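In what follows, a single structure is set out as structure tokens and then discussed.
The numbers here are math on the coordinates, done by the rules we state, and not lab data. The shown structure was predicted, so the numbers you read here are calculated from the model rather than taken from an experiment. Every residue, glycine among them, receives a Cβ derived from its backbone with ideal geometry; neighbour counts consider all protein chains shown.
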Protein chains: 2
Amino acid sequence: MLNEIKTRRSVRKYRDGQIPAEKLESLLRAAMQAPSARNCQPWEFVVITQRALLNRIPEFHPYSKMVPNAGAAILVCGNTRLQSETGYIVQDCSAAVQNLLLEAVRQNLGAVWLGVYPREERMKGMIELFDLPDHIIPVALISIGVPAEVPKPEDRFRTEKIHFDCW
Amino acid sequence: MLNEIKTRRSVRKYRDGQIPAEKLESLLRAAMQAPSARNCQPWEFVVITQRALLNRIPEFHPYSKMVPNAGAAILVCGNTRLQSETGYIVQDCSAAVQNLLLEAVRQNLGAVWLGVYPREERMKGMIELFDLPDHIIPVALISIGVPAEVPKPEDRFRTEKIHFDCW
């Protein structure tokens, strides 16, 4: 199995320090390589490095207390002008997020996926804080930093989840 | 960038031949390593190798004409008993699909992600064909084969999709 897939875990503790711009670009490049329905590529990315902005996210996102200590965060959004079906936007953006998380492992960064869509309060908080226009849906926030913890890989393989040719 | 992320493309043309069971297991192992909201792992997988079943899918899925020629297909489903929020099920299953597609590249297989959720007719077709119980949502079908085409890698990086600290 791909080593990055095998070993990736959510990382919520970070050392001080900025994330080099070229590493952030690698994450964004990986995200944008994802497949999407009819190849619409309906994703948009808000890269957040200003401390004042990172600090405000826990005001409306209950599981984001690590974000003020993160080197950066990336808000992955869907653009309804590029894909009108929200169900596909969510899938396409999630594929982009997963690429981003795997690339973070490769770049020796720690990252964690924080759910935003479909929680109304979190979406509203993101829309207001980043002044998102009406056609943009905030889907997920990725908190990124230089890891201060290395969680052990976890084997999640469960044969009872596999069904052959029929339920 | 991870080579599998950089080079992965949808593959819709396959050579004859079965997919070895150990390769299918590698794909499923990769899928199950995905992150999920509260680590609920709400995914389930129907592995389809019977030709008679593969042949029937184009009856209700308009973009699946390659499936009868595939070595196998994997229907990725969400289990609403493990995660009650459909919005999260879709995200978790999509992360699993993306891992599966990247592992397919590593295993020298060709694969393509076919949208199922939220298209009512496709979901109904899958539910009936595979006798899915009420608590199972079919999310995506992955068609898999020994590749008979190698689409060129595509650079999808678009700087206009990146917004710094504000829209």
Sort A:S10, B:S94 so the one with the fewest other Cβ atoms within 10 Å of its own Cβ comes first. A:S10, B:S94
When chain B is treated as a Gaussian network with springs between alpha carbons less than 10 Å apart, the largest mean-square fluctuation among B:K13, B:K152, B:K23 is found at B:K152
Provide the per-residue ³J(HN,Hα) series for the range B:148-165, in order, calculated from phi with Karplus coefficients 6.51, -1.76, 1.60 and θ = phi - 60°, each as a whole number of Hz, with x at glycine and proline positions. 10, 8, 10, x, 5, x, 10, 8, 9, 5, 9, 5, 5, 8, 9, 10, 9, 6
Once amide hydrogens are built 1.01 Å from N within the peptide plane, the residues lying 5 or more places from B:Y14 or on another chain with amide H under 5 Å from its amide H are B:A148
Within the P(r) computed for chain B, what percentage of the Cα pairs occupies the region above 20 Å? 53
Over 21 Å between Cα atoms, which of A:K13/A:K124; A:K13/A:K65; A:K13/B:K6; A:K65/A:K161 qualify? A:K13/A:K124; A:K13/B:K6; A:K65/A:K161
